[in-house]
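Structure first, then comments.
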Amino acid sequence: MARLSSSLYLLVGCLLLQRTFADPRPEFGSIGTVQSSLTIKNTANSITPLLNAVDDRNGFELKTDYDLFVQVLPLMESLGTQVTELGPPIASAIVTAVPKTDRNYDGVFDPIVNAIADFQDFIETEQASTRTTLTDLLGVDIDHLFGDSFGNMANALTQVESAMLRLKGALRTAIIRNGRAQVDPTIVTNVVVAVSFFKATISPVEYTIQSTIDNIELADDFLYGLEDMNESLLQDLQTYTSEFEDSLTNDMDLVEAAIDDLEDDWQAINDGLSDATSNIASSSDYEDGAYVGLEKFRSAFSALYTYTENIPDDIEGYIETANTYFTDYVEVLVPRSYEAITYLIEVLVAGGPHSRFCFFKYSPRLINYYAMLINDVERCYNLESYRLGFLEDVTKAVCKLILFDVEDLLDNLTACNTKTPPGPCLTAIGPYYIALGDKTEARWHH
């Protein structure tokens, strides 16, 4: 029974196959079938989706208005659009040619040839012009990006046209035997190979177009992120500048308050001078000795007071300088003005052999370097704030040192004032306070 079933299936299959060859399936204008026509048709059918996918990356919206992106993106999108519009008519004309039966060979093959001519014209004009424009913008790396993609596609289309025209000529004179047009198998094979070659060239063209758009998107994201970070950094810089100004203003207020308090102390000490020198004020030992030292202390305190009086103006000038630096930094902190950044973008968009490697290697370094610019400014402000924060302490320390020495001098003068005679006492303390006054002046001026 199994043998009978197998024989029956074989018989039915043979009958169907015989009927297939017996019934004419006119193709390519001929009243007979053409060898491998199904392969040609299926290959052509499979080409259309590939061509339609070439412009899938079109419509990408830029986040920045960087000139290079604005120039290059529409050029690449236009290439994708043209491939998608001009390519499918070729495949469609080939597919449509298979069931033709009217022996109107011109009507069968002319649409194929015309569609190829339109595509070839696009490759020779817009594609070539775009490549030249991109080379002018980005340099010879464009040769690596484009490579032979469009050139191979042009060659493939030339082969398709040539093979189709040879098939056309062969079909005009072909004998129909058992429903099949008797055509040299080599001619048909050339058509199969040419159509397959055309199909094989689509992916490289798609990569050329879409990888450039992908690289533009990557570069656009990089620049957008950098500029967004820049806005944040400028806000931080404004904060640092404001905090620096507040810190200096606070230091200025503290110094002014300190010097006012110390001036009161100084005046209180000076008020006691007349009582401490009531008996010795006209003594030459006093005038040539302790009085000289006292004047040195007065000179030092006066210089300190004058200096501290100028501190508010100095700090205001310092703040103005800091604000000027802020303005300068705002002008400097423009990512697009750094050649290292723009060059990296150009390398990426140009699509050279190492474009993405270079981008992923150096973009983090540039971001880090850029962020460090702001960090350096913050460190500068913090350092200056820290240094100027000692103004109050230094002012108090120097004033208290002078006041201590003057108080000590008054104590000794009070003692000498009660001596009879006061000369030896004044002679004993005079040189000491003169020397101490010299050191105080020297320390202050230093």
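The values are calculated or read from the model by the stated rules, or taken from the named source; none is laboratory data. Remember, it's a predicted structure, so these values are computed and weren't measured experimentally. FYI the Cβ positions are ideal-geometry reconstructions off the backbone, even for glycines, and counts take in every protein chain you see.
Residues in region 412-437 that are exposed (fewer than 13 other Cβ atoms within 10 Å of the Cβ), of a type outside the set (Val, Ile, Thr) and either outside the structural domain of residue 253 (by TED's automatic domain parsing) or more than 20 Å from residue 302 (Cα to Cα) (or both): 2 in all. Does any residue of region 414-425 turn out to be over 47 Å from the mean Cα position of the chain (by Cα), modelled with pLDDT of 85 or more and among the aliphatic types (A, V, I, L, M)? Yes, region 414-425 contains a residue that is over 47 Å from the mean Cα position of the chain (by Cα), modelled with pLDDT of 85 or more and among the aliphatic types (A, V, I, L, M).
Tally time: how many residues in region 76-92 are in contact with an Asp or Glu (Cβ under 9 Å, 6 or more places away or on another chain) and of a type outside the set (S, T, N, Q)? Count: 8.
Scanning region 128-171 for residues that are more than 40 Å from the chain's Cα centre (by Cα), surrounded by fewer than 18 Cβ atoms within 10 Å (Cβ to Cβ) and farther than 18 Å from residue 184 by Cβ yields one hit, 158.
Among residues of region 79-99 that are of a type in the set (S, T, N, Q), those with a Cβ under 7 angstrom from a residue that is not in a helix (DSSP H, G or I), sequence gap 6+ or separate chain, pair up as 81/55; 81/58; 84/54; 84/55. Within region 237-278, being surrounded by 15 or more Cβ atoms within 10 Å (Cβ to Cβ) and either within 37 Å of the chain's Cα centre (by Cα) or not assigned by TED's automatic domain parsing to the domain that holds residue 370 (or both) holds for 237, 240, 241, 244, 245, 247, 248.
Taking region 256-346 as the region of interest, the helices (runs of 4 or more DSSP H) fully inside it that hold 2 or more residues being touching a Cys at 6+ places or on another chain (Cβ under 9 Å) are 284-288, 290-332.
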